[in-house]
Amino acid sequence: MSNSPRTGIAVAGLSLGTALNPLNSSMIAVALVVLRADFGLDVATVTWVITAFYLTSAAGQPLMGRLADRFGPRRLFMLGMALVAVTCALAPFAPNFALLCVARAFMALGTATAFPSAVVMVAALARQANVKSTRPLGRIQMANTSAAAVGPVVGGLLVSLVGWQALFLINVPLSLAAILLVRRFAPADEGRERGRASELLRDSDIPGILAFLGAMVLVMMALLNVLPAYRWWLLGGGMLLAVLFVWRELRFKPPFLDLRLLGRNRPLLLVYLGFAVFSGVYYFAFFGLPQLLQEAGGYDPGIVGLLMLPLAAMSVVVTPLAVRAIDRFGVKRVLIAGVVLLIVASGAMWLLTASFAIPLVFGLTALLGVPYGVVGIASSQGMYLSTRMEERGVAAGIYQTCRYLGAITATVLIGIFYGTGVNQENWGLMVFVMLGLGAVVFVVSLLWREQRKA
């Protein structure tokens, strides 16, 4: 088989694995009512099935990226998919809800290997097919962006036809297919770190990794208000661990995360900031709009799921067009154009304060899908270009964590705005916040400078 078809199949396998994390982060939402009934839970307790996945994904992505950089992305990807397959085959038989949450955490850890590993492999895939890196990266990003949007629809069908167990079982054939495709068609790992296990363990900066994970988990638990009585203690503990992490990384060689290098890499920091704020704008609509349509508009949840589908569809359609535009005009111009469209789409959401007509909602969700696809691929390509080859795995992991930070921030703010009621007036206030955040992304995009690196 020639290099181009081999690369296409390898990218398909990587895209399939990459899609599993956002897919599982969103489709579980439709199973909460069923899980409450099956396990006899209250509303607050059942949300742990979502929280466990979010926390593990956000904290685990940079760690998985670091491991991909050190020991090889192909083997890490297959190991992660194997963990997903085993976990999801066993999860439906969990005797209690606590073990089900543990299974969700292991599933998140396994799926967290996919995107960083795929980004590390992009350079080899591009060389193999003799194409620019934007092509394979664009396809991977398309899977990453569209999976979360179709998750509620897929989850609704699985739960209604089979039950919540199907949300786990569906991952078994998908993860096995990803393993087979990547094992057969992806390029072998290049030379990575070798040595005795004790030496590798000594140089792995375990205290730094634990401080990073602990700080991420505690801060996000505080933001999500997982334990209301201990919210400020969690936040304080997270900040303390963050300080210890910075102190450790500045003293240890080689560090888990080279903060000195990151501090000098202004383009990468701007990519992270812009993508985190952009994710906040997107999840304002993704989480806030369905609640508005159900409670204020009176639409059935199934109808709401269908009304959100154009967002995913347009992001899929637009992404390959954005890839071609990047090849022709460069990352920065496409990024700025996407952010301008984001501001326009956010402003158009104000129309929902006057009407919930289905054609209007359909058009607005489709309109929002355009900047989501454009900014998504432009940001990921900006991250890729702003990072040295040997650090692209951990860079991709932090990039994904920025997505979760944006999502969590949006969730917290939505809770504040909807605290007095899910209505059109409060939605109008949220639109103004979306416009303000869009303006921040625009300024950050103007400041970013493309720096091509090997």
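The values are calculated or read from the model by the stated rules, or taken from the named source; none is laboratory data. Just so you know, these numbers come straight off a predicted model, no measurement behind them. All Cβ positions, even for glycine, are placed from backbone atoms using ideal geometry, and neighbour counts span all protein chains on display. The area values use the complete protein model at the heavy-atom level, side chains included, leaving out ligands, DNA and RNA. Shrake-Rupley method; radii C 1.70, N 1.55, O 1.52, S 1.80 Å.
Yes/no per residue for (1) aromatic (Phe, Trp, Tyr); (2) modelled with pLDDT under 85; (3) open to solvent by less than 80 Å² (accessible area, probe 1.4 Å); (4) assigned to a helix (DSSP H, G or I):
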| position | (1), (2), (3), (4) |
| --- | --- |
| Ser198 | no, yes, yes, yes |
| Leu201 | no, yes, no, yes |
| Ser204 | no, yes, yes, no |
| Met216 | no, yes, yes, yes |
| Met221 | no, yes, yes, yes |
| Leu240 | no, no, no, yes |
| Phe245 | yes, no, yes, yes |
| Leu250 | no, no, yes, yes |
| Val281 | no, no, yes, yes |
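For the stretch 223-238, the tally of residues that are without any contact (Cβ under 8 Å) to a residue 60 or more places away in the chain and in a helix (DSSP H, G or I) stands at 11.
Checking the stretch 60-81 against the condition returns no match, with no residue being over 14 Å from Thr18 (Cα atoms) and without any contact (Cβ under 8 Å) to a residue 60 or more places away in the chain.
Checking each residue of the stretch 386-407 against the condition of being within 24 Å of Gln294 (Cα to Cα) and open to solvent by less than 10 Å² (accessible area, probe 1.4 Å) gives at least one match.
You will find that of Val441, Val422, the residue that is part of a loop (DSSP other than H, G, I, E, B) and either under 25 Å from Ala222 (Cβ atoms) or out of contact with any Pro (no Cβ under 7 Å at 6 or more places or on another chain) (or both) is Val422 and no other.
Of the helices (runs of 4 or more DSSP H) lying entirely inside the stretch 27-106, those carrying at least 3 residues that are open to solvent by 10 Å² or more (accessible area, probe 1.4 Å) and of a type in the set (A, V, I, L, M) are 32-39, 48-71, 73-90.
When the stretch 127-146 is limited to residues that are open to solvent by less than 10 Å² (accessible area, probe 1.4 Å), at pLDDT 80 or above and not β-branched (Val, Ile, Thr), the one that is farthest from the chain's Cα centre (by Cα) turns out to be Pro136.
If you go through the stretch 321-339 and keep only what is under 25 Å from Val361 (Cα atoms) and surrounded by fewer than 16 Cβ atoms within 10 Å (Cβ to Cβ), you end up with just Leu321. What tally of residues in the stretch 262-279 results from selecting those that are open to solvent by 10 Å² or more (accessible area, probe 1.4 Å) and farther than 17 Å from Arg449 by Cα? Total satisfying the criteria: 2. Of all residues in the stretch 411-433, those that are under 24 Å from Val344 (Cα atoms) and without any contact (Cβ under 8 Å) to a residue 40 or more places away in the chain have Cβ atoms under 7 Å from Cβ atoms of residues that are assigned to a helix (DSSP H, G or I) and among the aromatic types (Phe, Trp, Tyr), 6 or more apart or on another chain, in Asn426/Phe417; Asn426/Tyr418; Leu429/Phe417. Among the candidates Gly191, Gly208, Gly236, the residue that is of a type outside the set (Phe, Trp, Tyr), farther than 30 Å from Ala129 by Cβ and either in contact with an Asp or Glu (Cβ under 7 Å, 6 or more places away or on another chain) or modelled with pLDDT under 85 (or both) is uniquely Gly208. Number of residues in the stretch 310-319 that are touching a helix residue (DSSP H, G or I) at 6+ places or on another chain (Cβ under 6 Å) and open to solvent by 40 Å² or more (accessible area, probe 1.4 Å): the value is 2.
Residue-wise test of (1) part of a helix (DSSP H, G or I); (2) touching a residue at least 40 places away in the same chain (Cβ under 8 Å); (3) within 19 Å of the chain's Cα centre (by Cα).
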site	(1), (2), (3)
Val317	yes, yes, no
Arg328	yes, no, no
Phe356	no, yes, no
Val361	yes, yes, no
Gly376	yes, yes, yes
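Of all residues in the stretch 107-126, exactly one satisfies the criterion of being over 17 Å from Leu137 (Cα atoms) and open to solvent by 10 Å² or more (accessible area, probe 1.4 Å), namely Leu109. Beta carbons closer than 7 Å, at least 6 apart along the sequence or on distinct chains, never pair a first residue in the stretch 343-354 that is at negative phi and open to solvent by 50 Å² or more (accessible area, probe 1.4 Å) with a second that is among the charged types (D, E, K, R) and not in a helix (DSSP H, G or I).
For the condition surrounded by 18 or more Cβ atoms within 10 Å (Cβ to Cβ), under 21 Å from the mean Cα position of the chain (by Cα) and under 30 Å from Thr353 (Cα atoms), Ala410 qualifies.
Assess whether Gly8 counts as being open to solvent by less than 50 Å² (accessible area, probe 1.4 Å), part of a helix (DSSP H, G or I) and at pLDDT 85 or above.
Yes, satisfied.
One residue stands out in the stretch 283-304 among those that are surrounded by fewer than 23 Cβ atoms within 10 Å (Cβ to Cβ), in a helix (DSSP H, G or I) and of a type in the set (Gly, Ala, Ser): the one that is modelled with the lowest pLDDT, namely Gly302. Working only within the stretch 413-428, note down all residues that are of a type in the set (Phe, Trp, Tyr) and open to solvent by 10 Å² or more (accessible area, probe 1.4 Å). Passing the criteria: Phe417, Tyr418.
Condition (residue is under 21 Å from Phe278 (Cα atoms), in a helix (DSSP H, G or I) and open to solvent by 10 Å² or more (accessible area, probe 1.4 Å)) applied to the stretch 445-453: is it met by at least one residue? Yes: one or more hits.
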